[in-house]
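Worksheet for the structure shown next.
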Amino acid sequence: MSSAPQREWMSDDDGDAGGSGGRGAGVGLATRPDSKTAKPSLYKVLMLNDDYTPMEFVVLTLQRFFKMTIEDATRVMLHVHQRGVGVCGIFTYEVAETKVNQVIDFARQHQHPLQCTMEKE
Ligand code: TYC
């Protein structure tokens, strides 16, 4: 994750030497702070418990789509089994959406009811 340093907006950062002239002195297009330096919103991917999906299938799913070790995957699976819901990871919107779809598709292919969803952080 790269995070560019936040630069002061509407100040004398127009690259010319002086505080006035050029586009300086508070004159600029009001587009840069949001479009270029704003951090993207993050989303939690949540795994939901059910009574039918085998524990080992949930562990395999967490390893495959969330790059977890077998130890971490087992810990998350047991948390979901006991508490009903658990966090698989935190991602930008499109990555989270892709992971949710991958989990649901994988479960469906194996005829398990395992469900996964996402929630804004
Ligand atoms: N509750 C399931 C069982 O007892 C196991 C399970 C764990 C299912 C986590 C889904 O997200 C889940 N076989």
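Points to keep in mind about this one:
- Filtering the stretch 62-99 to residues that are hydrophobic (A, V, I, L, M, F, W, C), outside any strand (DSSP E or B) and within 10 Å of the ligand (Cβ to nearest atom) leaves 62, 76, 77, 78, 80.
- Within the stretch 67-79, residues that are of a type in the set (Ser, Thr, Tyr) have Cβ atoms under 6 Å from residues that are within 15 Å of the ligand (Cβ to nearest atom) in these pairs: 74/59, counting only partners at least 6 apart in sequence or on another chain.
- Residue, surrounded by the most Cβ atoms within 10 Å (Cβ to Cβ), within the stretch 46-61, restricted to residues that are free of Cβ contacts under 8 Å to residues at least 40 places away in the same chain and part of a loop (DSSP other than H, G, I, E, B): 49
A quick yes/no check of all residues on (1) more than 20 Å from residue 43 (Cα to Cα); (2) not small (Gly, Ala, Ser):
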{"residue": "74", "(1), (2)": "yes, yes"}
{"residue": "82", "(1), (2)": "yes, yes"}
{"residue": "86", "(1), (2)": "no, no"}
{"residue": "90", "(1), (2)": "no, yes"}
{"residue": "93", "(1), (2)": "no, yes"}
{"residue": "96", "(1), (2)": "no, no"}
{"residue": "102", "(1), (2)": "no, yes"}
{"residue": "112", "(1), (2)": "yes, yes"}
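- Filtered residues of the stretch 42-56 (kept if within 9 Å of the ligand (Cβ to nearest atom) and within 23 Å of the chain's Cα centre (by Cα)): 47, 48, 49
- Test: residue in the stretch 89-104 that is more than 17 Å from the chain's Cα centre (by Cα) and surrounded by 14 or more Cβ atoms within 10 Å (Cβ to Cβ): yes
- Options 35, 2; residue that is at pLDDT below 50, exposed (fewer than 11 other Cβ atoms within 10 Å of the Cβ) and more than 16 Å from the ligand (Cβ to nearest atom): 2
The values are calculated or read from the model by the stated rules, or taken from the named source; none is laboratory data. Just so we're clear, the structure is a prediction, and the values are computed from it rather than from any experiment. A quick note on method: Cβ atoms are made from the backbone with ideal geometry, for glycine too, and the neighbour counts reach across all protein chains shown.
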